[in-house]
Structure formats: C-alpha cells, structure tokens
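As structure tokens, the structure follows; a few thoughts come after it.
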Amino acid sequence: MTIDRRTFLAAGSATMLGSLAMPAIVGRALAADTLKIGSLLDTSGIFDAYGKPMDMALQLAVDQINAGGGLNGQQVEIVSYDTQSDMALYTQYAQKLVRQDKVDVVHGGILSASREAIRQTLHKANILYFYNVLYEGGVCDRNICIDGVTPAQQVEVLMPAAIKKWGKKIYILAADYNYGQITARWMKKYGEDAGGEVIQTDFFPLDVSDFGATIAKIQTAAPDIVVCALVGGPHMSFFRQWAAAGMKSKIPMASTTLGVGNEHKVLTAEEGNGIVVAYNYSPELDSPVNAAFLKAWGDKFGDTSLIHEIAVSHYQGLLLWAQAVKNAGSAERMKVIEAIEGGLSIDGPAGKVSVDPKTHHAILDVHLMEFENQTMKVLESFSQRQPVDTQAVCDLVANPDDNQQYEIKI
Amino acid sequence: MDLALVVAFQVIYSIALLVLISAGLAVVFGMMRVINLAHGEFMMVGGYATIVAVGAGVNIYVAMLIVAPLTVGILGLVIERLVIRFLYGRLVDTMLATWGLSLLLIGLATLIFGNTTTGISVPIEGFPIGAYQVNGYNLFVIVVTAVMVVAIYAVLSGTRWGLIARGTMQRSDMASALGYSPDRIYMLTFFAGSALTGLAGGVLAPLVGLVPTSGTQYIAKAFITVISGGASVIAGLLSSATLFGLVSQIFTFSVNSMVGEIALLIAAVILLRLLPQGITGRFFRGSM
C-alpha cells in the first residue's frame with residue numbers, strides 16, 4: 001500500500017485526536033472516584049510563618065487518610081492555591097474552587113479577614129467550609145465548622161490561674177482590632193469573675209514598636225499581672241523591651257497570642273521564660289496520638305520544630321471532616337452537616353475534639369502552659385472546654401438559616 | 001518626682017530615636033536632594049547585618065557599630081554607582097528607582113531570611129530611677145545618637161572633606177572648576193549617608209522584632225523629620241526631632257501611644273502649613 005499525503009494526514013490526525021482524548025476520559029473517570037479538598041492558605045507573604053506549617057499539616061493528614069484506604073473507598077486529593085497573604089486573592093481563588101474545580105469541601109483561611117472574604121461565597125455555592133484557626137469567636141453559619149480555640153476557652157483558663165498564682169491587680173495590653181478588643185473584654189470578665197480587678201487596658205495599633213512609655217505607665221499603675229493579646233512582628237518588641245528594662249523578674253505576664261506562630265522560639269530563653277499561656281496544643285503533650293503525630297511529621301518533613309498551635313488545629317480540622325464523611329457514608333454536603341451535628345468527635349494530637357452542634361465550634365482540651373527554655377511546659381490541663389462565647393449568641397439548631405458573625409456583648 | 005525623671009528620660013530617648021533614624025536621610029535627601037524611598041530598607045539591611053554577625057560570633061557592639069554601617073555603606077555605594085548616579089537632579093526618577101529598590105530589598109531579605117520575625121537580645125541591663133525600672137539600652141541609644149551628631153558636625157564643619165562636600169552640594173560646577181570631581185564627592189556622601197542609616201538599623205536591631213518589611217515603619221517618620229527640619233542638616237534634624245519627640249511622648253504618656261502617633265502627624269501638618277520651608281527655613285538660618 002502506498003501512503004499518500006491524504007491518507008497519512010487522516011490517519012495521523014485520528015491517532016492524535018485519540019491520544020489527546022484518552023487522558024481526558026481517564027482523568028474524568030478518576031475524578032469521580034476522588035474527593036477534592038480545596039485549600040486556601042498563605043504559603044508566601046507576611047503570614048507564611050502561619051500558613052506554611054498549616055499546608056504541611058494538610059498534606060500529612062491527606063497522606064494518612066489515603067494510606068488508610070481513603071474515605072468510604074474514595075481517595076482524597078488536594079486542590080490548593082497560595083493566597084500570598086493577599087485578601088483579594090482569597091475571593092478570586094474561592095470562586096475558582098467553586099466554579100472550576102468544584103471541590104467537595106474547603107479548608108483554609110488564616111486571618112479573620114480572609115475567612116470573612118470567602119465565607120459568603122462558599123455559603124452561596126453550598127460548599128462546606130472548615131476554618132481551623134484560633135479566632136475571636138461569634139461566627140454563626142451552618143455551612144462552616146470551626147475547630148480553633150476562641151477567647152472564652154483560653155481566657156477562662158488563663159485568668160483564674162494567673163490571679164491565683166500572682167495576685168488581683170491586672171493590666172491588659174491588646175492589639176487594636178477586633179481580635180484584641182473582643183479578647184480584652186473577655187479578660188476583664190473572667191478576671192473579675194475570679195476576684196481580680198482590671199486597673200487599666202491599653203490598645204496598640206499593629207505597627208507600634210516602641211513601648212517605653214507603656215512600660216513606665218505599667219510601673220506607675222503597679223499591677224500584680226500584665227496580660228497581653230499583642231499580635232505580629234512590631235508587637236514582639238514589647239517582650240524584648242520589657243525584659244530589657246528588667247521588668248521580667250518584677251511583674252509576671254500571661255498572653256493569649258504569644259506562641260501561636262512559634263514566637264517563643266524567636267524570643268530568647270531569658271526573654272520568654274515564665275510567661276504563662278493557654279492553648280489547645282503543645283508539642284510537649286504526653287499522649288500516644290501526639291507521639292504518633294510527631295513521628296509521622298518527622299518522617300515526612302524532617303523538622304518538627306515548625307509545628308505550631310494552628311498547624312495542629314488545621315490537622316484536627318481535616319480529621320474532623322474525614323470522620324464526618326465516614327459517619328455520613330458520603331461527602332455530600334447536607335449529609336456531612338448532619339454528621340457534624342450528630343455528635344462528631346475525633347482523637348487528635350491535642351486530645352479529644354468534638355463539635356458542638358449548636359454552634360459548629362469545637363469542644364476541646366485547653367492546657368495552661370509556661371514558657372521554659374523556648375518550649376511550652378504544660379502546667380495544668382483542662383479537659384473539654386465549651387465555646388461559651390459563641391454559644392451565648394449562636395444557636396444553629398433553633399435558627400439553621402443564621403449567617404453572620406456576632407459581636408459578642410459581655 | 002521619679003515619674004518626672006522617667007518621662008524626661010523617655011522624651012529624650014524618643015528625640016534621639018528620631019534623630020538616629022533620620023540622620024542618614026538628612027544627608028542623602030537634605031544635602032544631595034535624592035529622595036531615597038529605600039531608606040527604611042537600608043535600616044532593615046543594617047538590622048539583619050547585625051543579627052547575622054552576632055550569630056556568627058561577632059561581639060554585639062562591633063556588629064552594631066561597625067559591621068552594620070559598613071555593610072549598608074557598601075550596599076549604598078554599589079547602588080549609587082549602578083543606579084543613583086544616573087539620576088541626580090531628577091527627583092521623580094530617583095523616587096521611582098529607589099521605590100523599586102525597596103521592593104527588591106524586601107524580596108531579597110524574604111528570600112534569604114524568610115518571612116518570620118527574628119531578633120537578638122538587648123545587651124544592657126535595665127537600671128532603676130527611684131522606684132521605676134527603665135530600659136538601660138535606651139540610654140545607650142541616646143549616647144550613640146549624641147556621639148553621632150557631634151561626629152557629623154565635626155566632619156562637616158571641621159574637616160576639609162566636609163567643606164568640599166558642602167561646597168559641592170551648593171555649586172557642583174564651582175567645585176568642579178576648582179578641581180574636585182563632583183561625581184566622586186556625591187559617591188562618598190551617599191556612602192556616608194547609607195552608613196549612618198546602617199548604624200541606625202544596627203543599633204535598633206535588639207529593640208525590635210525584625211521582619212523583611214520592618215523598614216516601612218520608619219520611612220514616614222524619617223521623611224517627616226527631615227522635611228520639617230528644613231535646609232540645615234544638623235540644626236534642622238535636632239529642632240524637628242525635639243519638637244516631634246516632645247509632642248508624641250507627652251500625648252503618649254497622658255493618653256496612649258495611638259494618640260501620641262496622631263499628635264506627631266498633626267504637629268507635622270501644622271508645622272509645614274506655617275513653615276513650608278521647614279523650621280530652619282525661618283529659624284536658625286544659615287546654621288549647619
């Protein structure tokens with residue numbers, strides 16, 4: 001047979017088309033068998049110290065789920081976008097996850113601003129959203145599940161312990177935005193409940209880095225304890241200047257934020273030692289689940305020193321979703337929401353985490369800890385704290401269509 | 001009484017701080033009319049140079065007072081040769097070029113050091129004033145600043161090099177006619193300005209948590225201080241820093257630090273409305 005130009009072209013293009021079409025068909029067939037997790041995290045830019053370990057936690061959790069045979073026989077894949085610490089990119093990528101990738105669930109968002117940027121998009125698109133970060137509380141939306149610590153859970157433990165340990169007169173320093181303002185109110189409430197007295201509260205814009213006058217003012221007021229909810233790099237200077245003025249040995253300190261981004265490893269041992277905090281997780285926690293988690297992280301990434309509070313919180317959020325899908329026997333949104341409201345609980349590295357059906361917030365263990373040579377030493381554990389702040393304003397059982405963030409009045 | 005002393009100490013410290021962060025800019029902008037928008041990033045580089053040097057085992061004072069100024073001075077020298085020297089007299093172009101430069105430096109610092117806060121401990125113990133405990137390092141900052149101002153004055157007024165530099169800034173054509181190369185003098189002056197900025201970055205490194213974007217928190221204050229100061233480098237710097245330091249600390253003590261910052265900015269706006277040429281455009285004229 002002679003091959004002329006026409007038959008060659010016809011045969012050639014048929015083969016080409018066939019080979020092009022093949023992967024598309026295979027790809028589609030596979031996609032039906034996998035569950036897609038959409039991930040939006042800042043893995044570059046100014047918040048990457050928070051976002052990178054969270055992204056690692058996500059990869060670790062998904063690897064473990066897949067190695068264990070997936071969820072209801074389906075493998076899980078990650079569709080992730082780096083939001084580059086840019087709030088505008090959150091809305092853009094959330095649209096992409098909704099319209100183009102058609103994911104089954106979204107995990108992500110770090111700052112409260114980023115969460116609020118995508119929450120409504122996902123709510124309208126009926127795509128379930130897990131926000132796994134310590135935040136100021138009050139979000140009431142049936143489409144979201146939140147497993148981060150809220151101020152009441154932390155402060156309720158921190159304030160009585162600090163007052164009992166050191167005395168009644170409290171001086172509060174907080175960052176001047178919604179997180180700091182709301183947390184300061186909770187500090188006042190729980191401080192007074194424990195018999196303490198708040199003698200002064202000062203708020204600082206996020207870029208203030210000279211605290212000389214504040215340190216002098218604190219000495220004039222002569223409190224028994226300084227409690228702070230300071231946020232970000234410039235505010236770190238407070239702890240340095242405090243130590244440099246020789247105040248560390250004179251007035252003890254407690255904090256609701258220091259350590260979330262591993263700040264206790266940035267401060268030197270002398271600057272950090274003795275500061276008391278309360279969180280859900282510390283790598284020092286002594287439990288088989290935590291030991292297994294640390295080992296798995298070490299095997300996958302090598303360095304376990306990057307693990308911090310919200311990375312573990314993200315990991316636990318993924319486990320919660322996976323458990324909900326298993327309980328529901330499906331990844332379909334309404335079935336998973338019903339599973340979330342039907343007594344969902346997991347055993348995570350930081351202990352038992354269960355979801356409160358009325359608020360979709362987590363009930364979890366809180367540990368009172370002290371900085372000691374750049375680690376967090378657990379002083380006392382408080383098991384299964386309720387998110388009482390959000391519970392005071394939110395009841396999704398009574399109002400399933402509620403969709404807003406309440407500013408909690410105390 | 002003790003409190004009054006503490007407040008006075010804090011006011012002097014905040015004046016010294018303004019002088020320290022603005023001195024390099026006063027030389028580069030005040031004398032050479034180059035708007036260096038990368039001024040804050042030069043400080044950031046000075047801070048990182050200090051931290052890296054201390055990490056490598058260098059004595060902290062050597063790191064702050066020698067390594068940081070030298071590193072930033074050399075960085076300034078390279079940048080002057082590669083970019084700035086083509087742009088003398090073109091105010092807007094230097095602004096654009098140095099703004100790009102500041103973004104580049106932030107990017108490079110992020111690439112090398114990552115986007116986390118780093119820092120070193122303060123090497124000086126606090127000391128008591130009566131019943132109060134104050135930051136001993138603040139005293140060190142005041143001393144360093146005082147020595148720096150005296151040194152700048154001595155160089156500009158007492159040495160031949162200072163005379164030539166001042167002459168060149170006023171009439172570069174005359175300096176050239178007298179046999180001095182304006183090109184070389186500009187280069188050296190830019191080096192000196194950059195080194196002063198590096199010194200500020202180094203000295204402040206133990207006080208702040210350093211991130212690659214740290215520079216941005218200084219740039220506005222430095223420009224406000226230099227522009228409000230007016231034409232004279234030293235008298236301008238000292239007078240505007242004194243005014244702003246006093247205003248911001250009084251309001252910080254009596255209300256809070258946010259009001260202190262606002263008061264500083266309002267004082268600057270009013271001042272520039274009344275004295276558009278800066279303080280030394282009206283008072284202390286002809287001083288250095």
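The values are calculated or read from the model by the stated rules, or taken from the named source; none is laboratory data. Since the model is a prediction, treat every value here as computed from it, not as a measurement. Glycine gets a Cβ as well: all are built from the backbone with ideal geometry, and neighbour counts include every protein chain shown. Ligands, DNA and RNA are excluded from the accessible area calculation, which covers all protein heavy atoms including side chains. Shrake-Rupley method; radii C 1.70, N 1.55, O 1.52, S 1.80 Å.
Count, please, the residues in region A:167-221 that happen to be of a type in the set (Val, Ile, Thr) and within 23 Å of the chain's Cα centre (by Cα).
Residues that pass the stated criteria total 2.
If I ask for residues that are within 8 Å of chain B (Cβ to nearest Cβ) and either open to solvent by 10 Å² or more (accessible area, probe 1.4 Å) or closer than 17 Å to A:His367 by Cα (or both), which ones from region A:245-260 would you list?
Result: A:Gly246, A:Lys250.
Where in region A:247-353 are there strands (runs of 3 or more DSSP E), lying wholly inside it, with at least 3 residues that are under 20 Å from the mean Cα position of the chain (by Cα)?
Answer list for region A:247-353: A:276-279, A:345-348.
Just need a number here: residues in region A:98-116 that are open to solvent by less than 20 Å² (accessible area, probe 1.4 Å) and within 20 Å of the chain's Cα centre (by Cα).
8
Conditions (1) in contact with a strand residue (DSSP E or B) (Cβ under 6 Å, 6 or more places away or on another chain); (2) within 29 Å of A:Val98 (Cβ to Cβ); (3) without any contact (Cβ under 8 Å) to a residue 60 or more places away in the chain, marked per residue:
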position	(1), (2), (3)
A:Ala278	yes, no, no
A:Ala292	no, no, yes
A:Lys300	no, no, no
A:His308	no, no, no
A:Ala331	yes, yes, no
A:Ala339	no, yes, yes
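From the list A:Val198, A:Val139, which one is open to solvent by less than 10 Å² (accessible area, probe 1.4 Å) and either under 30 Å from A:Trp321 (Cα atoms) or of a type in the set (A, V, I, L, M) (or both)?
That would be A:Val139, the only listed residue that is open to solvent by less than 10 Å² (accessible area, probe 1.4 Å) and either under 30 Å from A:Trp321 (Cα atoms) or of a type in the set (A, V, I, L, M) (or both).
In region A:34-61, which residue that is of a type in the set (S, T, N, Q) and buried (at least 20 other Cβ atoms within 10 Å of the Cβ) is farthest from the other protein chains (Cβ to nearest Cβ)?
Going through the qualifying residues, I end up with A:Ser39.
Name the one entry in B:Gly209, B:Gly202, B:Gly198 that is within 14 Å of another protein chain (Cβ to nearest Cβ) and under 30 Å from A:Gly246 (Cβ atoms).
Sole residue among the options that is within 14 Å of another protein chain (Cβ to nearest Cβ) and under 30 Å from A:Gly246 (Cβ atoms): B:Gly209.
Do we find a residue being over 25 Å from B:Tyr48 (Cβ atoms), free of Cβ contacts under 8 Å to residues at least 40 places away in the same chain, surrounded by fewer than 19 Cβ atoms within 10 Å (Cβ to Cβ) and out of contact with any His (no Cβ under 8 Å at 6 or more places or on another chain) anywhere in region B:129-138?
Within region B:129-138, none of the residues are over 25 Å from B:Tyr48 (Cβ atoms), free of Cβ contacts under 8 Å to residues at least 40 places away in the same chain, surrounded by fewer than 19 Cβ atoms within 10 Å (Cβ to Cβ) and out of contact with any His (no Cβ under 8 Å at 6 or more places or on another chain).
Can you pull out every residue in region B:233-251 that is touching a residue at least 40 places away in the same chain (Cβ under 8 Å) and β-branched (Val, Ile, Thr)?
Once the filter is applied, which keeps residues that are touching a residue at least 40 places away in the same chain (Cβ under 8 Å) and β-branched (Val, Ile, Thr), region B:233-251 yields B:Val233, B:Ile234, B:Thr242, B:Ile250.
Kindly indicate whether any position in region A:285-301 is within 14 Å of chain B (Cβ to nearest Cβ) and surrounded by 15 or more Cβ atoms within 10 Å (Cβ to Cβ).
So far as region A:285-301 goes, no, none of its residues is within 14 Å of chain B (Cβ to nearest Cβ) and surrounded by 15 or more Cβ atoms within 10 Å (Cβ to Cβ).
Please tell me if B:Leu178 is open to solvent by 40 Å² or more (accessible area, probe 1.4 Å) and either within 24 Å of B:Ala231 (Cα to Cα) or more than 9 Å from every other protein chain (Cβ to nearest Cβ) (or both).
Yes, satisfied.
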